[in-house]
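Comments concern the structure below.
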Amino acid sequence: MGPKTPNTPNIPKKKIISIGMIAILCVSLLTLTACSSQKTAESDSAGTALDSTENRISVDYNDEDTNAEWDDTKASHITFSGGSAKTEGSGVSVVDNVITILSAGTYVVSGTIADAQMIVYTEDSKTVRLILNGVDMTCSTSAPIYVLKSEKTVITLADGTKNTLKDGSAYTYSDPKAEEPNAVIFSKSDLTINGSGSLNVKANFKNGITSKDELRIVSGNISVDAVKNGIIGRDFLAVKDGSITVNAGDDGLKSSNDADAAKGFILIEAGTIHMTAGEDGMQAETSIWCTDGTIDITSGGGSANSINTNTNSGMMRPGGAAPDTASKDDSTSTGSMKGIKAGSVVTIEGGTISIDSADDGIHSNGSLTVSGGKINITAGDDGMHSDTTLNINAGEVTIAKSYEGIESAVINIHGGDVNVKSSDDGINGAGGTDSSSVNGRPGQNDFASSCDCSMSINGGTIVVDSGGDGIDINGAVTMTDGKVIVNGPTDNGNGALDYTGSFTVTGGFLVAAGSAGMAEAPDTNSSLYALNINLPSDQQAGTIVRIETADGKEVLTFAPTKMFRNLVVCSSELTKGTTYKIYYGGSSTGTSANGLYSGGTYTAGTCYEEVAISEKVTRVGSYSGGMGGRAGSTQPGSGGAPGDGRGFKR
């Protein structure tokens, strides 16, 4: 039988000054069994800031948050030994192994105890500091550390110490509807964790660490193993630094305030974070911001447990596909298995992020922006998904496995290095149900059918290897700069480029290889010229296509990574009135990057055609095979009807 836990205490509002009164209070506390009161917390306006121009989130840290030192001579001491707790100093009472802290100050806790609980309940306007100085503490029926009321609580992990907190598999509540506390460390007020020691949390009941207000992790080596959620900061969860390892049955890191648009966010500024989560790795009601740090996430068993196990179709996850909504309760499961998920904004400015997810790698119900860092994703569904706008401004994005690589209504790529591999579309700007699954796929992300979809490419390097369409935009595409390399589909039901409306190129370089049945090129409103080449037969992966001027000046030496028949190239090197020779086969001594050769010497293969550029898109060769896939479709961007030859001439 565990220690008795207090219900809402009937504490006088005046300051308690006598030991006798403290003793009476503690006896009163222990006659009750559980706490059902809940403080309605409001974030300190000085603690968080939301920039009105950039919607940039920042969190302030004061000296109490960052200072891990203390004056031992001025602190009270709580020592566990032989199954009981002893105290030295004021402000604390112990009755039946329930340690109650009744005033602000510093409390140094050490020793081992098999079944006890530490409760913080203060009327002071100052901070309570708990120094964990080598603690091994278990509470079998409730939270080992329960901050019931405090202006603010700081837990310091003393340098060089190992601290362990565990709970039992069932809690005792006086009010079953409240279901609080529900974590090994549970705080109804602002909570900060700092110090250079270690903290091991074993949550056998539900959650590991929970703050109903703000949660700041400044430093420390923190390990959480939780049946439900790992670490929750309701108003926000901010990680300034430290080493954090989370193994959670549900979500790894979580912020759950859905009542205030300025709250409910996660901010990662530095540190090393390893997460294994049965559901989402990181999940926030509003925003997730990452400015630096090393983050490693495995969610839902990883991509090997993909919700889409069949290429271009998908398989229902156990229990059915989950909605892409954030959980509105601290402990309620959503069934989502995404690496990073936010209700409104995901912003990545730096750091190294590795994700292996059964569902989307990174998902935002609003916008998603990458402005730096290095991101590696292996996903069972979309690599990166946003409902509204997805911006890549800088950084490295590698999606090694996905159903669809990058998906959003509006996609803007201004810079960076983007490498995408997908079983379906590589880059998808969708405004309706995915055509790859006629009745919709399990786990599919829905868009409004009236969405004004588009893609703009203004810089960077984009490399796509897709089983479906390479770039599929249900709207207009504009390209002003950058380099795009597409190794598209091998089946004739998809194309390396697929768009509705216009594809206007005014700068940059584009090469796209794939099947011929639905092949498309940029439109004739482009200022750059393009060649749309159909070869006489399917070519094996690694076959070089060489384009050069009549005097041998190289325009293109490219070896697609998969079987192909059609190749489109759009480049400033192509000029009107100039005659070009087109070869396939042969070899090159140059350096290959993503199949594109530079330098070296080309040994000629078969000279397929000599063609003079006469219009914005010059077509070479013909194709009379069927489309397959979306058979019979003649919608704009679908590649035309079977057997129409796409107007190619020789």
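Quote the FRET efficiency, to the nearest 0.05, computed for Lys162 versus Ala612 with a Förster distance R0 of 60 Å and r equal to the Cβ-Cβ distance.
The calculated FRET efficiency here is 0.20.
Quote to one decimal, in nm, the extra length available between Thr294 and Thr79 on full extension: 0.36 nm per residue of separation minus the C-alpha distance between them.
In short, 73.7 nm is gained.
Among the aspartates and glutamates, which have Cα under 17 Å from the Cα of Lys74 when same-chain residues fewer than 8 positions away are ignored?
Of all the aspartates and glutamates, those that pass the test against Lys74 - Cα under 17 Å, at least 8 places apart if same chain - are Glu64, Glu88.
For Lys483, which aspartates and glutamates qualify as cross-link partners when the Cα separation must be under 13 Å and same-chain residues fewer than eight apart are set aside?
Cross-link targets: Asp417.
Extending each Cα 7 Å along its Cβ direction at Trp70 and Asp417, get the distance between those two points in nm, one decimal.
4.8
From the C-alpha gyration tensor of region 195-296, pull out the three semi-axes of the equivalent ellipsoid (sqrt of 5λ each), sorted largest to smallest, in whole Å.
Here the semi-axes work out to 18, 16, 12 Å.
Quick one: of Lys149/Lys206; Lys126/Lys338; Lys254/Lys562, which pairs are farther than 30 Å apart, Cα to Cα?
Checking Cα-Cα distances, Lys126/Lys338; Lys254/Lys562 exceed 30 Å.
Would you mind computing Rg(Cα) / (2.2 N^0.38 Å) for region 135-223, counting N as its residues?
1.05
What is the gain in length, in nm to one decimal, between Thr480 and Asn525 on full extension, counting 0.36 nm per residue of separation less the C-alpha to C-alpha distance?
In short, 14.9 nm is gained.
Evaluated at 25 °C with a viscosity of 0.890 mPa s, what Stokes-Einstein diffusion coefficient in µm²/s does region 530-582 have when Rh comes from the Kirkwood expression over alpha-carbon pairs?
In µm²/s, the coefficient rounds to 210.
Rg to Rh for region 201-248: what is it, with Cα atoms only and Rh by Kirkwood?
When Rh is taken as the Kirkwood radius, the ratio is 0.96.
What is the distance, in nm, between label points placed 7 Å from the Cα along the Cα-to-Cβ direction at Ser90 and at Thr601?
In this crude spin-label approximation the distance works out to 9.2 nm.
Once fully extended, how much extra length lies between Ala114 and Asp551, figured as 0.36 nm per residue of separation less the alpha-carbon to alpha-carbon distance?
148.7 nm
Mind checking which aspartates and glutamates have their C-alpha under 12 Å from Lys202, skipping anything on the same chain fewer than 8 residues away?
Partners within reach: Asp136, Asp167, Asp225.
Just to check, using Stokes-Einstein with a Kirkwood Rh over alpha carbon pairs, what's the diffusion coefficient of region 458-526 at 25 °C and 0.890 mPa s in µm²/s?
Reported coefficient: 207 µm²/s.
What net charge is computed for the residues neighbouring Glu69, neighbours being all others with C-beta under 15 Å from the C-beta of Glu69, Lys and Arg scored +1, Asp and Glu -1?
Computed value for this residue: -4.
Determine the sum of side-chain charges near Thr164: Lys and Arg each +1, Asp and Glu each -1, restricted to other residues whose C-beta is under 15 angstrom from that of Thr164.
Taking every other residue near Thr164 into account, the sum is -1.
Quick one: which residues, 5+ away or cross-chain, put their amide H under 5 Å from the amide H of Gly493? H built at 1.01 Å from N.
Here Gly629 satisfy the definition.
In nanometres, what is the gap between the two model label sites at Thr506 and Thr575, each 7 Å from Cα along Cα-to-Cβ?
For Thr506 paired with Thr575, the spin-label model returns 2.2 nm.
Using θ = phi - 60° and the Karplus curve 6.51 cos²θ - 1.76 cosθ + 1.60, what whole-Hz ³J(HN,Hα) does each residue of region 406-415 get, with Gly and Pro shown as x?
For region 406-415, the Karplus-derived couplings read 10, 9, 6, 5, 10, 10, 10, 10, 9, x Hz, x marking Gly and Pro.
D for region 517-631, whole µm²/s, Stokes-Einstein with Kirkwood Rh over alpha-carbon pairs at 37 °C and 0.692 mPa s: what number?
The diffusion coefficient I find is 224 µm²/s.
Ignoring ligands, DNA and RNA, what percent of the accessible area of region 492-627 is carbon or sulfur (1.4 Å)?
44
Got a sec? What order do Thr192, Thr141, Thr245 fall in by accessible area at 1.4 Å, biggest, i.e. largest, first?
Thr245, Thr141, Thr192
The values are calculated or read from the model by the stated rules, or taken from the named source; none is laboratory data. What you are looking at is a predicted structure, and each value in this text was computed from that prediction instead of being measured. In this analysis, Cβ positions are derived from the backbone assuming ideal geometry, glycine residues included, and neighbour counts consider all displayed protein chains. The area values use the complete protein model at the heavy-atom level, side chains included, leaving out ligands, DNA and RNA. Shrake-Rupley method; radii C 1.70, N 1.55, O 1.52, S 1.80 Å.
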